[in-house]
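Here is the structure we will look at.
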């Protein structure tokens, strides 16, 4: 007979049973806890859930924020941020882990909050949102002022009271929550909404915006440190004044706004000038303008008087031109009368010619004048012809005196060769050459039979003989 196997008295559990018992035990022991730690391993799942670890210098606790809870949280988890998470402890049987289901996150003290804001400030500054070159000047006197604040607080009353005291302007209020979970989104939407107004539309487009809130703790002012608000203020095309908190309170919207006011009342003072001061300045400028104008007129009057003293008197200045004008006027009258007389005589003569009797008489006179002129012309022509005839006869006598024909009449002859050339020397005549001898009454032909030279003793002809012509 074999020995009986001893069985232990401890109950036997399956893995699932043990995991379930542990889960109930942990959840019963820690139904609602607050855990402080540093966020590490942050992961935003595509499903919308957020996973991260809470750790300190000795331990690590897994944490989960479900999608519905993460959507409503006003503080977003960030890597390295020290927080206090409120939730319930549970386990995850699939990996034998315990974890906290986070319902709410708070910053673990002011130091952690300031560290987070400093990191955010550095990030936004690196993008250039705080550069001074981006800031625009405020309009001197805006027609419409847009105010973004709570409609029930004292801030809007302070702004309206200050505007009415300084220079009443039209104010458009965009009511928003200034703290809480919805504050940041409402402020950003209000800034974008004012910028969406069209110029000349049904709603007037503001010339300047004021984002205002009263004082409070750093947690109360957190809405104005959110990135959505800072980026909306940076994208605003309308100049923006931030007036959040008191003078010692500083939020990130103060760095990106065009002007930062220490209080909402100061923002109203920045937005508009003092009407009474403007009136005083206008009156002072008017007085100064009148004084300058009067002084300028007095200087010009004095200068004009000095010029008057050095200029000649009017009678001296215009004496000679006046005299020339009188002379010209007198000559002009005389010339007109003389011209009129000339034209009158011409008119009378022409009119007389147009009458029948005078025309015939004048025609006879003209015929007689023409006949007389013809006789005179004939006499002049005859005289001229006689004078030309006498001159021609004188020239003829001179011509006859110098003509060779006169010499021929005196017994000389003109000797020409066969080709008509004149032979002036006997040496040029050849024996047997045909010659033409021209006498006063005609010409004869001859043939040379020889030549005979003339000696010096033959330079004179014998008495009673004819000398040589050539």
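The values are calculated or read from the model by the stated rules, or taken from the named source; none is laboratory data. It should be emphasised that the depicted structure is a prediction, and the values quoted were computed from it without experimental measurement. Here Cβ is always computed from backbone atoms with ideal geometry, including for glycine, and neighbour counts include all displayed protein chains.
Applying the set (1) buried (at least 19 other Cβ atoms within 10 Å of the Cβ); (2) in a helix (DSSP H, G or I) to residue 294 leaves exactly one unmet item: (1). Within region 411-424, if we keep just the residues that are free of Cβ contacts under 8 Å to residues at least 12 places away in the same chain and surrounded by 10 or more Cβ atoms within 10 Å (Cβ to Cβ), the residue that is farthest from residue 441 (Cα to Cα) turns out to be 421.
Taken over region 262-289, residues that are over 17 Å from residue 142 (Cα atoms) and part of a loop (DSSP other than H, G, I, E, B) amount to 2.
Identify, by number, the condition in (1) closer than 18 Å to residue 227 by Cα; (2) surrounded by 19 or more Cβ atoms within 10 Å (Cβ to Cβ); (3) modelled with pLDDT of 90 or more that residue 131 doesn't meet. That leaves (2) as the condition not met.
Hey, does region 82-102 have a residue that's within 26 Å of residue 184 (Cα to Cα) and in a loop (DSSP other than H, G, I, E, B)? Looking through region 82-102, none of the residues is within 26 Å of residue 184 (Cα to Cα) and in a loop (DSSP other than H, G, I, E, B).
Residues that are in a loop (DSSP other than H, G, I, E, B) and over 22 Å from residue 153 (Cβ atoms) within region 202-253 comprise 202, 203, 204, 205, 207, 236, 237, 238, 239, listed in sequence order.
Against the condition at positive phi and touching a residue at least 24 places away in the same chain (Cβ under 8 Å), how does residue 150 come out, does it pass? Spelling it out, it is not the case that residue 150 is at positive phi and touching a residue at least 24 places away in the same chain (Cβ under 8 Å).
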